[in-house]
């Protein structure tokens with residue numbers, strides 16, 4: 001090792017640069033870390049916007065015969081909420097975490113295609129702007145604005161010209177199409193980086209599980225997103241050039257749209273949940289002080305989920321009247337996906353079992369994930385039974401199910417990841433006390449919001465209704481849901497305050513505050529532009545463990 | 001630069017002063033903006049698309065020149081003041097589990113009863129149950145066919161409409177159905193007993209002989225009207241419990257007397273699954 005000592009105190013980031021130079025540095029950057037942060041910050045901004053929309057939705061439904069917003073506005077709110085959460089929050093979070101962490105974890109200096117990486121981010125962001133521009137220009141540049149109001153999966157023939165006047169649906173199709181290009185670019189980059197830029201010694205069997213999951217996730221994006229893009233182009237052809245792919249009045253097929261959408265839409269659920277899987281696979285071992293239980297089986301499980309998830313899409317379509325053979329096949333395949341998913345839950349739990357648990361905010365969120373995602377999985381199995389689905393299709397039971405999946409699963413996992421890597425990315429520690437406050441508020445608020453929705457759904461409350469008459473037994477459950485949304489609002493405010501305040505005034509974090517085992521903890525917090533002075537050589541799946549325990553390294557046992 | 005200078009231990013310093021990285025460029029952003037405008041023109045005004053197209057062309061030209069004929073790079077200085085802290089060596093030793101170590105494995109049975117013992121135990125328990133049930137029929141209803149006809153209701157839903165007098169009569173077909181059903185269920189339950197008895201942490205005989213029959217009765221109580229309407233209408237629950245206990249005690253006794261056989265559970269799951277895990281291979285030097 002060279003003899004240059006490290007500094008005890010690092011100079012603060014220079015503030016002498018002017019605003020223009022700072023702006024240029026961020027706009028022109030091809031650095032994967034900056035782009036990763038830009039993805040995550042953009043996603044969090046969209047998360048706050050879509051969260052506020054959900055808040056208004058809950059206010060509207062808090063009491064029977066609510067009049068907080070009008071019915072048209074309500075339709076736009078739930079459409080934009082869903083579309084934003086899926087395409088402008090979930091997808092950029094995938095890209096953001098992968099961008100920031102994959103090169104650091106595999107000992108690379110950058111992504112394989114840095115300029116494509118920059119392009120991916122900007123086209124995602126401009127796609128998001130285009131979608132939101134619909135509020136101003138939804139009826140054309142000279143008309144009054146109207147955001148899309150056809151639901152986040154925009155079922156045909158509602159999207160045809162006859163039923164959707166103006167341009168709001170076009171904004172939906174184009175905005176997502178444009179931002180989808182960014183997702184494809186990012187996916188190509190992650191796969192190329194993981195397979196071609198691993199440092200010496202990092203065989204696939206030693207690659208961190210985070211990277212493995214992100215590779216499978218990127219592969220799913222590459223396979224699943226093109227059908228949606230194709231369908232959106234077909235929809236535009238219908239609307240602009242008189243094609244009749246989905247126009248039922250001219251011999252088109254509305255069911256065709258559903259097949260196109262859901263062959264993307266269900267893998268999309270796994271595309272969104274995989275980052276949470278990836279984060280848990282890193283956070284739980286470090287905070288349990290144990291290696292991940294069944295590492296090889298975990299890799300196998302995520303690959304299996306990737307494959308199986310491509311064959312389950314029509315369980316979203318049990319109510320359209322498919323043949324009983326189709327129903328049986330998709331019910332069976334949907335249940336099959338529960339096996340590798342269950343294996344992962346067991347292995348995370350087994351990792352924690354007997355471990356020396358450090359119950360800090362990242363691990364708390366992982367525990368919440370395990371409980372809530374389990375509930376989501378169980379209600380998912382219930383909905384995979386076609387006759388059960390017929391009873392509760394498009395009810396609030398379904399709303400509760402997928403919010404337990406994406407909010408109780410993805411968002412909790414993302415929060416765990418944000419708290420875990422915040423010290424690395426910013427170089428400052430977050431406020432642990434405020435983190436725990438946010439955790440408990442979030443857990444209480446989340447469950448108070450969505451647990452009652454199971455019951456409201458079973459009592460027959462359909463999704464997307466603007467309001468409801470009293471006397472149907474839904475009042476209490478909606479009131480509880482709305483109160484829960486208020487608690488979540490406070491929790492998210494705590495998160496935002498914690499992140500902003502800690503970034504500005506937090507305690508220095510040090511390079512390895514969690515006593516981690518993967519390569520990102522071997523470099524400075526925040527990492528320099530080049531990541532590592534020397535690209536590292538690794539000998540096991542826990543290279544930092546080997547460095548810290550030279551008398552008892554992992555490579556002796558792998 | 002030599003390979004040694006390029007690579008080292010994680011966190012290791014270098015003698016080099018600069019690192020070559022891709023140069024920043026704003027052309028990807030401009031290109032993305034142009035593509036967005038190009039498509040936005042479809043829903044706004046054709047001139048927007050035209051402007052987007054011009055921006056796309058310019059951005060393609062600019063981007064092209066950042067990589068053709070030579071990729072643009074910048075040299076980033078390695079700043080000593082931003083070096084990571086040295087990785088501290090931890091001398092505390094870590095206890096590693098060895099494969100199949102006593103006290104550090106799941107409480108799964110290392111020995112089980114053979115399935116044949118379960119089948120035989122089930123038949124014996126079923127016989128004991130049948131004798132008591134017939135005794136009940138003889139004492140209460142003056143007919144041993146009464147409980148047999150009731151039991152057949154599991155297979156023959158039509159028995160639900162039978163009168164008490166019809167239930168007291170012998171019917172060869174119904175008898176055959178009851179006999180086959182009873183034998184099959186007895187064997188299956190016996191096999192389940194053989195499989196689960198070794199898993200009970202303590203007092204297996206108490207569990208198998210008394211508690212499981214009581215649990216089973218509790219489970220049957222709310223479901224009997226669906227599973228067997230005839231039995232649900234005419235059943236005597238005290239006798240039902242006694243019959244279940246007879247099955248549990250007799251079947252459990254037979255199973256408990258069988259010779260146990262060892263399972264793969266004596267080995268760790270990862271070993272049985274052929275997975276790679278710490279401790280599964282002898283120490284070896286890194287390649």
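Rule-based calculations on the coordinates, nothing more; no lab input. Treat the numbers as computed from the prediction; the structure is a model and nothing was measured. Neighbour counts run over all protein chains shown; Cβ positions are idealised from the backbone, glycine included.
Say we join alpha carbon atoms closer than 10 Å with springs in a Gaussian network model of chain B; which of B:58, B:272, B:83 then has the biggest fluctuation?
Looking only at B:58, B:272, B:83, the largest GNM fluctuation is found for B:58.
Shape of the protein assembly as shown from its Cα gyration tensor (a ≥ b ≥ c, root eigenvalues): rounded if a/c is under 1.5, otherwise prolate when a/b > b/c, or oblate?
Numbers: a/c = 2.46, a/b = 1.43, b/c = 1.73.
Oblate is the answer for the protein assembly as shown, as a/c is 1.5 or above yet b/c matches or exceeds a/b.
Determine, for A:401, B:234, the number of other Cβ atoms within 10 Å of each Cβ, and report the residues in order from fewest to most.
Details: A:401 25, B:234 18.
By the 10 Å Cβ count, ascending: B:234, A:401.
Per residue of B:87-94, how many C-beta atoms from partner chains lie within 10 Å of its own C-beta, taken as a mean?
Working: counts 8, 4, 5, 8, 5, 3, 3, 6.
So the per-residue partner count for this stretch is 5.
Within 10 Å of each Cβ in A:174-187, how many Cβ atoms from other chains are there, averaged over the peptide?
On the way: counts 6, 4, 0, 1, 6, 1, 0, 4, 1, 0, 0, 2, 0, 0.
Mean number of neighbouring Cβ atoms from other chains: 2.
For chain B, set up a Gaussian network in which alpha carbons nearer than 10 Å are linked by springs, and say which option among B:186, B:258, B:93 fluctuates the most.
B:93
Which FRET efficiency, nearest 0.05, do residue A:436 and residue A:222 yield, Cβ-Cβ r, R0 30 Å? Before the final figure, lay out each step's value.
On the way: r = 39 Å, r/R0 = 1.30.
FRET efficiency, residue A:436 to residue A:222: 0.15.
For chain A, what is the mean residue ellipticity at 222 nm derived from helices alone (per DSSP H run of n ≥ 4: -39500 (n - 2.57); sum divided by total residues; nearest 500 deg cm²/dmol)? Intermediate results must be reported in sequence, preceding the final value.
Details: 18 runs with 350 residues, N = 558.
Dividing the helical sum by the residues of chain A leaves -21500 deg cm²/dmol.
Which shape class applies to segment B:15-81: rounded if a/c is under 1.5, otherwise prolate when a/b exceeds b/c and oblate if not, where a ≥ b ≥ c are the square roots of the Cα gyration tensor eigenvalues?
On the way: a/c = 6.88, a/b = 2.88, b/c = 2.39.
Verdict is prolate for segment B:15-81.
By its C-alpha gyration tensor, with a ≥ b ≥ c as the square roots of the eigenvalues, how is chain B shaped: rounded for a/c under 1.5, else prolate for a/b larger than b/c, else oblate? Could you put the intermediate results ahead of the total?
Details: a/c = 5.28, a/b = 2.09, b/c = 2.53.
Taking the square roots of the gyration eigenvalues as a ≥ b ≥ c, chain B is oblate.
For residue A:507 and residue A:196 in one chain, what is 0.36 nm times their gap in residues minus the Cα-Cα distance, to one decimal in nm?
Numbers: separation 311, 0.36 × 311 = 111.96 nm, distance 3.70 nm.
Roughly 108.3 nm would be gained on extension.
Give me a single rounded figure for B:11-21: the average over its residues of other chain Cβ atoms within 10 Å of their Cβ. Can you show the working numbers first?
Values: counts 16, 10, 8, 6, 4, 2, 0, 1, 9, 2, 8.
Taking the mean over all residues of the peptide, I get 6.
For segment A:215-314, what does the relative contact order come out to in percent, with C-alpha contacts under 8 Å and a separation of six or more? Provide the component values of the computation, followed by the final result.
On the way: 79 pairs, mean separation 34.3, N = 100.
Contact order relative to length: 34 percent.
Provide A:537, A:312, B:19, B:241 in ascending order of the number of other Cβ atoms located within 10 Å of each residue's Cβ, fewest first.
Ordered from fewest to most neighbouring Cβ atoms within 10 Å, A:537, A:312, B:19, B:241 come out as B:241, A:537, B:19, A:312.
Using a 10 angstrom cutoff on alpha carbons, build the Gaussian network for chain B and name the most mobile of B:54, B:131, B:155.
Checking each option, the largest mean-square fluctuation is seen for B:54.
With each pseudo-label sitting 7 Å past Cα toward Cβ, what's the residue B:183-residue A:25 distance in nm, one decimal?
My value for the distance between the label points is 8.6 nm.
Counting only the backbone N, which residues of segment A:495-518 are under 20 Å from the spot 7 Å out from the Cα of residue B:81 toward its beta-carbon?
A:504-511
For q values of 0.11, 0.12, 0.19, 0.24 Å⁻¹, compute log₁₀ I(q)/I(0) with the Debye formula on a Cα-only model of segment A:191-287, without solvent.
-0.50, -0.56, -0.90, -1.15
Find the relative contact order for chain B and round it to a whole percent, using C-alpha pairs within less than 8 Å whose residues are 6+ positions apart.
Values: 341 pairs, mean separation 64.9, N = 287.
Once divided by the residue count of chain B, the mean separation gives 23 percent.
Determine the principal axes of the Cα atoms in segment B:111-266, then give the extent along each, sorted from largest to smallest and rounded to whole angstroms.
Cα spread of segment B:111-266 along its principal axes, largest to smallest: 56, 27, 27 Å.
Restricting to Cα pairs below 8 Å that are 6+ residues apart, what does the relative contact order work out to for chain A? Please round to a whole percent. Could the numbers behind the result be given before it?
Numbers: 909 pairs, mean separation 89.0, N = 558.
Here the relative contact order equals 16 percent.
For residue B:17 paired with residue A:467, estimate the spin-label separation in nm (one decimal), with each label point 7 Å from Cα along the Cα-to-Cβ line.
Here the modelled spin labels are 7.4 nm apart.
If each of residue B:226 and residue B:199 carries a label point 7 Å out from its Cα toward its Cβ, how far apart are those two points in nm?
So the two model labels end up 2.3 nm from each other.
May I ask you to list the residues of segment A:54-74 whose amide nitrogen lies under 14 Å from a point 7 Å from Cα along the Cα→beta-carbon direction of residue A:486?
Counting backbone N atoms under 14 Å from the label point, the list is A:55-56, A:58-63.
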